[in-house]
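Only one structure is covered here, and it is reproduced in the block below.
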Amino acid sequence: MLVIQCPFCGPRPELEFAHGGEAHIARPSDPASVTIEEWGAFLYLRKNTRGVHAERWRHVRGCGRFFNALRDTTTDQFIATYKAGEAPPASATGGAV
Amino acid sequence: MVNATAVLPTLPSKHWLRGTAPTTRFSLRGNAAAQQLAGQALGLTLPVEACRAHSAGERAALWLGPDEYLLIAPLIEGEALRAQLAAALAPTPHSLVDVSHRQIGLELYGPHASWLLNAGCPLDLGLAAFPIGMCTRSVFMKTELLLWRKDADVFHVEIWRSFTEYFTGLLSEVARELPG
Ligand SMILES: [Zn+2]
């Protein structure tokens, strides 16, 4: 079984987690002022990266918290996990994110 | 108030399973200030370390998340404790919800307790990885449960009421492999 490092609880089995889609997508601070294309991009456009991908995960059957992870989508390897609101660890991204 | 003992599910009679005394439960959400005030009202220090439980007598505070705790006490103290906690926490933003009847408490005990749990729970329950005093939510097959190791061979388990039969039934199946 895949073991995922929760930034709060430590290494835990994959079964306790839920995937939450791409990370670091900022909601436009003033939605009324953006174009419909920009709003559509915010809602729907995702990178669909092949390789190192920054994504949200939730330790739903544990501490319940959302956090972010860098995962290689070709190997399913978790390179790093970090708390929501933090920047991805630079050493782990290889400049990919 | 509902008489909790009257609506408790019937537990199978097993030598590795027992019910716990009727319990009052509060779900507390709040920052460090709220945690300190709640601890004072409860008579113990709320654990700051992840996945740890602190207890004093029959009362306990279980860390569930960075700002989330389960507070438990004997059922008979419930009304008074709720008033005490609410008064103590009033000055600071918080959420305090009575969840006494949402779940029931069970105790798995004996030399096979962790073996039984591992039939449906993927956590490493060795003493090094899951020491005495550790608590966490996890899964048991398709249900969620809360585990608290009170002693090397004793696990306090909180399970959502409607899943009690599912949980004890599956454990009973697994226990058929036990000697004796
Ligand atoms: Zn966690």
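The values are calculated or read from the model by the stated rules, or taken from the named source; none is laboratory data. Keep in mind the model is a prediction, meaning the values are calculated, not measured. Note: ideal-geometry Cβ built from the backbone for every residue, glycine included; neighbour counts use all protein chains shown. Ligands, DNA and RNA are stripped out before the accessible areas are found, and what is left, the full protein with its side chains, is counted by its heavy atoms. Shrake-Rupley method; radii C 1.70, N 1.55, O 1.52, S 1.80 Å.
Quick look at the numbers
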| item | result |
| --- | --- |
| Set B:Leu75, B:Leu28, B:Leu44: member being more than 29 Å from B:Ala175 (Cα to Cα) and in contact with a Pro (Cβ under 7 Å, 6 or more places away or on another chain) | B:Leu75 |
| Residue in segment B:119-140 that is away from chain A (no Cβ under 14 Å), surrounded by 15 or more Cβ atoms within 10 Å (Cβ to Cβ), not in a loop (DSSP other than H, G, I, E, B) and not acidic (Asp, Glu) present | no |
| So A:Leu15, is it in a helix (DSSP H, G or I) and within 16 Å of the ligand (Cβ to nearest atom) | yes |
| Residue among A:Ala26, A:Ala32 that alone is of a type in the set (Gly, Ala, Ser), farther than 30 Å from B:Trp160 by Cβ, part of a loop (DSSP other than H, G, I, E, B) and more than 12 Å from the chain's Cα centre (by Cα) | A:Ala26 |
| Single residue of A:Gly85, A:Gly10, A:Gly94, A:Gly64 found to be within 16 Å of the ligand (Cβ to nearest atom) and modelled with pLDDT under 95 | A:Gly85 |
| Residues of segment A:18-52 that turn out to be away from the ligand (no atom under 16 Å from the Cβ), among the aliphatic types (A, V, I, L, M) and either open to solvent by 50 Å² or more (accessible area, probe 1.4 Å) or within 14 Å of chain B (Cβ to nearest Cβ) (or both), as a count | 6 |
| Residue within segment B:30-44 that is of a type in the set (A, V, I, L, M, F, W, C) and either within 16 Å of the ligand (Cβ to nearest atom) or in a strand (DSSP E or B) (or both) present | no |
| Subset of segment B:101-116 [aliphatic (A, V, I, L, M) and either under 18 Å from B:Arg161 (Cα atoms) or open to solvent by 10 Å² or more (accessible area, probe 1.4 Å) (or both)] | B:Ile104, B:Leu106, B:Leu108 |
| Whichever residue in segment A:53-86 is part of a loop (DSSP other than H, G, I, E, B) and away from every other protein chain (no Cβ under 14 Å) and, among such residues, is farthest from A:Gln5 (Cα to Cα) | A:Thr74 |
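For (1) touching a helix residue (DSSP H, G or I) at 6+ places or on another chain (Cβ under 7 Å); (2) farther than 15 Å from B:Gln35 by Cα; (3) in contact (Cβ under 8 Å) with a residue 40 or more places away in the chain, each residue gets a yes or a no:
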| residue | (1), (2), (3) |
| --- | --- |
| B:Ala80 | no, yes, no |
| B:Gln84 | yes, no, yes |
| B:Ala88 | yes, no, yes |
| B:Ser95 | no, no, yes |
| B:Gln103 | yes, yes, yes |
| B:Tyr109 | no, yes, yes |
| B:Ser114 | no, yes, yes |
| B:Cys121 | no, yes, no |
